[in-house]
Amino acid sequence: MLKNIAEGSKDEVVIEDDFYILKLQNETSVNQKVTRKIDRTFIQFHFCLKGQAKFIFNQGNYALDIAEETSLLLYNTNLDLPLNLELGSNSWLISVIMTLKRFHSLFSSEAGFIPFLAGEGRDQKYYAQEVVTPAIAVVLSQIINYNLNSSIKTLFVKAKVYELMALYFNKSEDADIEQCPFLVDEENIKRIKMAKEIMITRMAEPPTLKELSDEIGLSLKKLKEGFKQVYGEPVFSFLFDYKMDYARKMLESGRFNVSEVGHRIGYSTPSHFIASFKKKYGTTPKKYLISLGL
């Protein structure tokens, strides 16, 4: 059972005997401590949607921090990893816990591309922290905000967790950093990161690719190639995803209407924004909010 020392919202959804999720929401102004027994037969995926959390191990001698919009994967067949968590104030966390056997069954024919399912990585400890992508953020939001009949809750959560796993392990085939000679040049990397910040800062009125290449001092060809190698997609595809994720968060805050959100990210008319949002998420902004009970 979950144990805590401060008020907060806790929900454990048992999908099957070897597979469950934890939904933790601390809306208080103090940290919340959460503990739960988890043995070495389980693999753990933790996603911080909001705020921050700290995972404490070895009786307090070691800790791992997880920040907002990042994930933490924990796996060790040689050592139990019980949950000993300090959830920060105003923080939300979703944890997916499943046995290694269950996890293997999801990827039985695709295990080769997952480090700890093949080769020397098999049956070894494995920890990984990654940034939560916009696509994953949408699924996490749906898991934490769903408002469904209790009779289909388990089915809905199970489907969403499977979708979450697919997105989590969907690595770009172009993002092999070790094989990318472009990334050896640290100066080029700095310029590509500068390009990303420029596009984000001016997303409502972004520069053209030519203007961007001139501003960062990198040829148009190197900008295109380098941006895709570093971020896994072309400049304007990245910007589109970023804008839609930004818009989704604005809508979820409840402080802006559809027109205001569209205008904030650079759409001249609400209809153009609605069409883009539907292209990205498969539904309109209004229907998306209704699905979350907002």
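The values are calculated or read from the model by the stated rules, or taken from the named source; none is laboratory data. Just so it is clear, the model here is predicted, and its values are computed rather than measured. All Cβ positions, even for glycine, are placed from backbone atoms using ideal geometry, and neighbour counts span all protein chains on display.
Please enumerate the residues belonging to region 71-81 that are among the hydroxyl-bearing types (S, T, Y) and surrounded by fewer than 16 Cβ atoms within 10 Å (Cβ to Cβ).
Taking region 71-81 and keeping what is among the hydroxyl-bearing types (S, T, Y), we get 71, 75, 77.
Selection gives T77 alone.
Scanning region 19-37 for residues that are under 23 Å from the mean Cα position of the chain (by Cα) and not in a strand (DSSP E or B) yields a count of 2. Is it the case that V235 is within 24 Å of L49 (Cβ to Cβ) and in contact with a helix residue (DSSP H, G or I) (Cβ under 7 Å, 6 or more places away or on another chain)? Considered against the rule, which asks whether it is within 24 Å of L49 (Cβ to Cβ) and in contact with a helix residue (DSSP H, G or I) (Cβ under 7 Å, 6 or more places away or on another chain), V235 comes out as no.
Screening L73, L49, L79 for residues that are aliphatic (A, V, I, L, M) and either outside any strand (DSSP E or B) or not assigned by TED's automatic domain parsing to the domain that holds I15 (or both) leaves exactly one candidate, L79. Which of the residues spanning region 40-55 are modelled with pLDDT of 90 or more and closer than 13 Å to D80 by Cα? Those that are modelled with pLDDT of 90 or more and closer than 13 Å to D80 by Cα: F42, I43, Q44.
Filter region 213-237 down to the residues that are of a type in the set (A, V, I, L, M), in a helix (DSSP H, G or I) and without any contact (Cβ under 8 Å) to a residue 40 or more places away in the chain and list them by number.
I216, L220, L223
Which count do you get for residues in region 6-24 that are loosely packed, with under 12 Cβ neighbours inside 10 Å and either at pLDDT below 80 or touching a Cys at 6+ places or on another chain (Cβ under 7 Å) (or both)? Total satisfying the criteria: 1. When each of L292, L251, L212 is tested for being modelled with pLDDT of 95 or more, of a type in the set (A, V, I, L, M) and either buried (at least 18 other Cβ atoms within 10 Å of the Cβ) or within 22 Å of E163 (Cβ to Cβ) (or both), the lone residue that passes is L212.
Taking into account only those residues within region 82-98 that are of a type outside the set (S, T, Y) and part of a loop (DSSP other than H, G, I, E, B), which is farthest from V132 (Cα to Cα)? The residue in question is P82. Whenever a residue of region 135-149 is of a type in the set (F, W, Y), its partners that are assigned to a helix (DSSP H, G or I), lying with C-beta atoms within less than 9 angstrom and at least six residues away or across chains, give the pairs Y146/K153; Y146/F156; Y146/V157; Y146/K160; Y146/S291.
Can you pull out the residues in region 82-104 that are farther than 20 Å from K33 by Cα and either crowded, with 21+ Cβ neighbours inside 10 Å or outside the structural domain of H46 (by TED's automatic domain parsing) (or both)?
Initial filter on region 82-104 (farther than 20 Å from K33 by Cα): 98-104.
If the condition is that a residue be farther than 20 Å from K33 by Cα and either crowded, with 21+ Cβ neighbours inside 10 Å or outside the structural domain of H46 (by TED's automatic domain parsing) (or both), then M98, F103 are the ones that fit.
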